[in-house]
Amino acid sequence: MPAFSLEPAQTAWCTELRTLATDRLRPLAEKGEPGRVNRPLVAELGRLGLLSRLFTSGALDLCLMRESLAHACTEAETALALQGLGAHPVHAHGTPAQRDHWLPRVAEGTAIAAFALSEPGAGSDAGALDLRAEAEAETGGGPARWRLTGEKCWISNAPEADFYTVFARTTPGAGARGVTAFLVPADRPGLTGAPIDMLSPHPIGRLDFDGVPVTADDVLGEVDRGFRVAMGTLNLFRPSVGAFAVGMAQAALDATVRHTSRRDAFGGKLMDLQAVSHRVAEMALRTDAARLMVHAAATAYDEGAPDVPKRAAMAKLLATETAQYVVDTAVQLHGARALRRGHLLEHLYREVRAPRIYEGASEVQLGIIAKELYKDIDTEGESQ
């Protein structure tokens, strides 16, 4: 079962990805400016054929890519993931014209994609979007037209992306049922933005929409059915957020095993202290458990299982919380050296916090899990 063991070819591919990340991607990442889109890095991901695999691979392969890259170069992992997140709605729901125009450029690494869902008042509550898509009066029987007005916030790759998958409210008061997904090129009049300086060195910003024009030709999927586009994308990418977290956890674990086996302390090595070795064992236990749950969720997605939302939420929740624990413990066992700017663990410590929030905070994942557990309860049998 792929959920419990990988095929030799998959294991070899993961090893190859780690080598590529170390030798070809990390040098480009180190030359990038924190908080900005690193276009040379994205272009190299395209040359290596990794971006094109976003549209040809299943969820498990996506997880293997993200974990392997994260182990050696978190910046490369993030660049790959953001391309996939922003472009997947176009791949899954776009018209032939939309796909033909944008997806080859995304695969080549020459066009930067972004997924614009969150707002200042609607982060994890995607059904509470306020960005308005106000319909214009139809003239001459042409395609339907709207004007987008409002703000998006915490948007990865903003404001430097070349196009955005934007979720806007087309029917007021309809909750999740009144949201439409639009493909919005960055050069549309009225669309501006600004970067946000974050703890982790990711390119994140805000977008302001001042009557940005869109038409029926820009719709992804169906009008008022954009929530399905968003949730379908998140169900695919949530397990792979877990894979990103597992990659960071494994990197921290590997560094800790090396450090504790070499560090002299109290007449022996640090690993000889039972309090230390048991904590390292706990780190390994939790990392492997998270990896298995991520693989199981991804396999369920690839097989079209009915419980994907629950499995995806469980995988994302367990893996991101686990990575936080493992990296924090690694810092503790390394001591002050891990806090120096430029140390691997200093970098991972800043990177590991955000995944517990984005694509649905941990508390939201618990809500999804609970909802899925209770949705099939036979209320008629409650009194039995």
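The values are calculated or read from the model by the stated rules, or taken from the named source; none is laboratory data. Predicted, not measured: the structure shown is a model, and the values here were computed from it. We place every Cβ from the backbone using ideal geometry, glycine too, and count neighbours over all the protein chains shown.
Let me confirm something: among R99, R26, R66, which residue is assigned to a helix (DSSP H, G or I), in contact with a His (Cβ under 8 Å, 6 or more places away or on another chain) and modelled with pLDDT of 95 or more? Break it down stepwise before answering.
Numbers: R26 fails: in contact with a His (Cβ under 8 Å, 6 or more places away or on another chain); R66 fails: in contact with a His (Cβ under 8 Å, 6 or more places away or on another chain).
Unique residue meeting the criteria: R99.
Out of R291, R341, I need the residue that is basic (K, R) and part of a helix (DSSP H, G or I). Which one?
Working: R341 fails: part of a helix (DSSP H, G or I).
After applying the criteria, what remains is R291.
Between T233, T256, the distinction of being touching a Phe, Trp or Tyr at 6+ places or on another chain (Cβ under 9 Å) and buried (at least 24 other Cβ atoms within 10 Å of the Cβ) belongs to T233 only.
Results for (1) assigned by TED's automatic domain parsing to the domain that holds A243; (2) surrounded by fewer than 24 Cβ atoms within 10 Å (Cβ to Cβ); (3) within 24 Å of F167 (Cα to Cα); (4) among the basic types (K, R), shown as yes or no for each residue.
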position: P27; (1), (2), (3), (4): no, yes, no, no
position: G35; (1), (2), (3), (4): no, yes, yes, no
position: T56; (1), (2), (3), (4): no, yes, no, no
position: C63; (1), (2), (3), (4): no, no, no, no
position: Q83; (1), (2), (3), (4): no, no, yes, no
position: E119; (1), (2), (3), (4): no, yes, yes, no
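Every condition in (1) hydroxyl-bearing (S, T, Y); (2) at pLDDT 95 or above; (3) part of a loop (DSSP other than H, G, I, E, B) holds for T171 except the one numbered (2). Residue count for segment 308-346 satisfying the condition of being within 22 Å of S200 (Cβ to Cβ), surrounded by fewer than 17 Cβ atoms within 10 Å (Cβ to Cβ) and among the small types (G, A, S): 2. Could you list, in sequence order, the residues of segment 301-337 that are over 29 Å from K269 (Cα atoms), in contact (Cβ under 8 Å) with a residue 40 or more places away in the chain and either hydrophobic (A, V, I, L, M, F, W, C) or not assigned by TED's automatic domain parsing to the domain that holds T260 (or both)? The answer is V308, A312, A313, M314, A315, L317, L318, A319. Any idea which of (1) part of a helix (DSSP H, G or I); (2) over 29 Å from C153 (Cα atoms); (3) in contact (Cβ under 8 Å) with a residue 40 or more places away in the chain is the one G46 doesn't satisfy? So the condition that G46 fails would be (2).
Report yes if some residue within segment 248-270 is part of a loop (DSSP other than H, G, I, E, B) and among the acidic types (D, E); otherwise report no. Looking for residues that are part of a loop (DSSP other than H, G, I, E, B) and among the acidic types (D, E), one finds none in segment 248-270, hence no.
Every condition in (1) in the same structural domain as S362 (by TED's automatic domain parsing); (2) among the acidic types (D, E); (3) not in a helix (DSSP H, G or I) is met by D210 except one, and the failing one is (1).
Answer yes or no: is there a residue in segment 155-168 that is surrounded by fewer than 20 Cβ atoms within 10 Å (Cβ to Cβ), on the phi < 0 side of the Ramachandran plot, touching a residue at least 24 places away in the same chain (Cβ under 8 Å) and among the hydrophobic types (A, V, I, L, M, F, W, C). Before the answer, list the steps.
Here is the first cut: in segment 155-168, the residues surrounded by fewer than 20 Cβ atoms within 10 Å (Cβ to Cβ) are 160, 162.
Still in the running and on the phi < 0 side of the Ramachandran plot: 160, 162.
Checking which are touching a residue at least 24 places away in the same chain (Cβ under 8 Å) leaves us with 160, 162.
Next cut, among the hydrophobic types (A, V, I, L, M, F, W, C) only: none.
Checked segment 155-168: no residue is surrounded by fewer than 20 Cβ atoms within 10 Å (Cβ to Cβ), on the phi < 0 side of the Ramachandran plot, touching a residue at least 24 places away in the same chain (Cβ under 8 Å) and among the hydrophobic types (A, V, I, L, M, F, W, C).
Within segment 357-376, not a single residue is in contact with a Ser or Thr (Cβ under 7 Å, 6 or more places away or on another chain), on the phi < 0 side of the Ramachandran plot, among the polar types (S, T, N, Q) and crowded, with 23+ Cβ neighbours inside 10 Å. Only one of the numbered conditions (1) part of a helix (DSSP H, G or I); (2) surrounded by fewer than 16 Cβ atoms within 10 Å (Cβ to Cβ) is violated by A305, and that is (1).
The criterion of being without any contact (Cβ under 8 Å) to a residue 40 or more places away in the chain, closer than 22 Å to G247 by Cα, aliphatic (A, V, I, L, M) and buried (at least 23 other Cβ atoms within 10 Å of the Cβ) holds for L41.
Here is a yes/no grid of residues against (1) surrounded by fewer than 17 Cβ atoms within 10 Å (Cβ to Cβ); (2) within 30 Å of F227 (Cβ to Cβ):
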residue: A21; (1), (2): no, no
residue: G46; (1), (2): no, no
residue: S52; (1), (2): no, yes
residue: T74; (1), (2): no, no
residue: V90; (1), (2): no, yes
residue: A97; (1), (2): yes, yes
residue: W102; (1), (2): no, yes
residue: A107; (1), (2): no, yes
residue: A114; (1), (2): no, yes
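Residue pairs whose Cβ atoms lie under 9 Å apart, sitting 6 or more positions apart in sequence or on different chains, and linking a residue in segment 52-64 that is closer than 18 Å to E7 by Cβ to a partner that is in a helix (DSSP H, G or I) and aromatic (F, W, Y), are G58/Y301; A59/F237; A59/Y301; L60/Y301; D61/W13; L62/F237; C63/F244; L64/W13.
All conditions but one from (1) at pLDDT below 95; (2) more than 16 Å from the chain's Cα centre (by Cα) apply to F55; the one that does not is (2).
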